[in-house]
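Presented below is the structure to which this report refers.
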Amino acid sequence: MIPKYIEPFLWSYDLKKIDKKKNKKRIITNILNLGTKKATDWLVDNYTKKEIKEAIINPLPGEWNKKSLNLWSIVFNVNPKIIQKKKCFTTF
């Protein structure tokens, strides 16, 4: 069960339906990007360091705030694999 105080960081998801295991990368990403100390404390109590590191090393493309990713990379002593977005050119 995900506590109510986590809801602001997963605002577009129904907490009653979200699966902690199946959606762990989304939950970890959102909390590390947007969460309070209370939310991050809950996160480290509910996920292993390995699971958290995996979400940082292989970030969801386009989902991380650059400063948050840098901070948590330092905290967990990991290097994220950054996938560069393809540039799109439109011709008229």
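Each value in this text was obtained by applying a stated rule to the coordinates, not by laboratory testing. Treat the numbers as computed from the prediction; the structure is a model and nothing was measured. As a convention, Cβ positions derive from the backbone with ideal geometry for all residues, glycine included, and neighbour counts pool all protein chains shown.
The figures follow:
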| read-out | value |
| --- | --- |
| Under 13 Å from the Cα of LYS22 - aspartates and glutamates, other chains or at least 8 residues apart | GLU51 |
| For the chain, built as a Gaussian network whose Cα springs stay under 10 Å, the top-fluctuating residue of ILE28, ILE74, ILE52 | ILE74 |
| Between segment 1-25 and segment 43-64, the alpha-carbon center distance in angstrom | 15 Å |
| Exceeding the 23 Å Cα-Cα cut-off - candidates LYS16/LYS67; LYS21/LYS67; LYS4/LYS81; LYS24/LYS53; LYS16/LYS66; LYS38/LYS81 | LYS16/LYS67; LYS21/LYS67; LYS4/LYS81; LYS16/LYS66; LYS38/LYS81 |
| Percent of alpha-carbon pairs separated by more than 21 Å within the chain | 32 percent |
| 10 Å Cβ shell holding at most 14 others, DSSP loop, trypsin sites (Lys or Arg not before Pro): longest site-free stretch of the chain | 23-80 |
